[in-house]
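Structure first, commentary second.
What follows draws every value from the coordinates through simple rules; no lab data is involved. Quick caveat, the model's predicted, so the values are computed rather than measured. Neighbour counts are summed over all protein chains in view; Cβ atoms, including those assigned to glycine, are modelled from backbone coordinates with ideal geometry.
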Amino acid sequence: MAPEDPRLTQGKRDRERQAEIYFRVHAAMLADLGHPLTPGCAVLDFGAGAGATVYRYRRAGFDAYGVDIAEAGDYYRDKMRAEGLLGGDEPLRQLDLSNYRLPFDDGRFDFVFSHQVFEHVQNYDEALAEIRRVLAPGGVSLHVFPPRWSLREAHTFVPFAGAFHPAWYLRLWAGLGLRNQFQQDLGAAETVDYTGDLVAAVRAAHADGVDGLIDLVNRDHRAFAEVTGLVRDGGTASSAVGGAGEEHTIGGVSVVNVSGDAARLAWVADLVAEGALRAAITVTYPLEDAARALEEFTSGHTLGKHLITMR
């Protein structure tokens with residue numbers, strides 16, 4: 001088996017080191033507040049990412065769960081299974097983006113926490129109401145996030161980007177060479193990848209619309225319908241996550257939900273062979289490493305993005 005990319009290995013180490021810090025800080029803060037936690041207490045990581053902190057809590061004997069808007073991947077789930085920590089139900093869950101309801105019963109948790117999450121939350125009242133719903137009577141909620149006017153935004157490292165982030169400003173800092181730990185090998189344009197208003201950006205580049213669209217993000221039908229508005233009459237919009245719902249057309253555009261199958265893969269292979277489709281490939285795996293490739297792709301540790309261009 002080929003060795004793992006050193007950046008992926010280091011990323012896992014960094015996450016577990018951070019999880020250990022969070023675990024100890026939580027214990028100290030809750031003890032100071034008069035709400036010490038003991039093994040067996042139910043805890044929820046709100047914005048759990050790959051699940052490193054959930055794994056740390058389970059190792060310590062807690063009934064720990066995590067939830068996020070994206071799938072956590074299998075890396076920490078498999079570690080919990082291998083160490084007998086998985087339990088009888090799913091510890092790492094995905095938020096339903098159609099209603100943003102936490103997938104847990106009322107009063108389920110003694111402790112709900114988050115780190116570097118609330119700066120991304122768009123509706124504080126709704127998020128806090130859901131957290132309150134799943135907290136048990138007397139439960140505690142602890143959330144750490146940077147101030148909006150922080151000198152250095154915690155994710156991009158761009159000064160004051162928590163409050164001020166137009167595309168030109170981000171491009172300026174990217175052009176000056178500023179990068180976070182995941183952007184070291186990217187150029188300035190790839191670093192910014194500004195999609196604050198995706199619909200407006202596409203319309204600016206293609207005023208007459210586009211012939212086709214593949215949506216990998218919007219499960220909500222209304223959001224899918226909005227991006228379908230970019231397609232010219234007679235074109236096709238497809239959703240890989242069910243955004244088309246039961247519809248077959250939206251306006252003059254054909255819409256469909258799709259999933260991968262052998263026929264479509266053969267069609268894609270033909271396009272590649274004809275030179276009509278080109279994929280920018282940064283990492284390849286031998287066939288015997290297919291399981292590891294899938295784990296790394298789905299665990300949140302991949303760097304950059306998969307880019308496909310057509311002509």
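Quick look at the numbers
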quantity: Cleavage-rule hits, chymotrypsin sites (Phe, Trp or Tyr not before Pro), region 123-213, DSSP coil, Cβ neighbours within 10 Å at most 15; calculated: TRP149, PHE157, PHE160, PHE164, PHE182
quantity: Ranked packing of 134-142, 71-79, most packed first, by mean Cβ within 10 Å; calculated: 71-79, 134-142
quantity: Segment TYR169-GLU16, extension gain: residue separation times 0.36 nm, minus the distance between their alpha carbons; calculated: 51.8 nm
quantity: Relative contact order computed over region 47-132 (Cα-Cα under 8 Å; 6+ residues apart), in percent; calculated: 26
quantity: Global form of region 6-144, assessed from the alpha-carbon gyration tensor, a/c cut-off 1.5; calculated: rounded
quantity: Sparsely packed GluC sites (Glu not before Pro) within region 76-152, loop by DSSP, other Cβ within 10 Å at most 11; calculated: GLU83
quantity: Estimated distance in nm for a label pair at TYR124 and SER150, the labels positioned 7 Å out from Cα along Cα-to-Cβ; calculated: 1.6
quantity: Estimated distance in nm for a label pair at ASP106 and ALA240, the labels positioned 7 Å out from Cα along Cα-to-Cβ; calculated: 3.9
quantity: Relative contact order (percent, whole number), region 147-194, Cα cutoff 8 Å, 6+ residue spacing; calculated: 30
quantity: Spacing of the two label points (7 Å from each Cα toward its C-beta) at VAL25 and ALA273, in nm; calculated: 5.5
quantity: Part-to-part distance (alpha-carbon centres) for region 94-131 and region 4-79, which is given in Å; calculated: 16
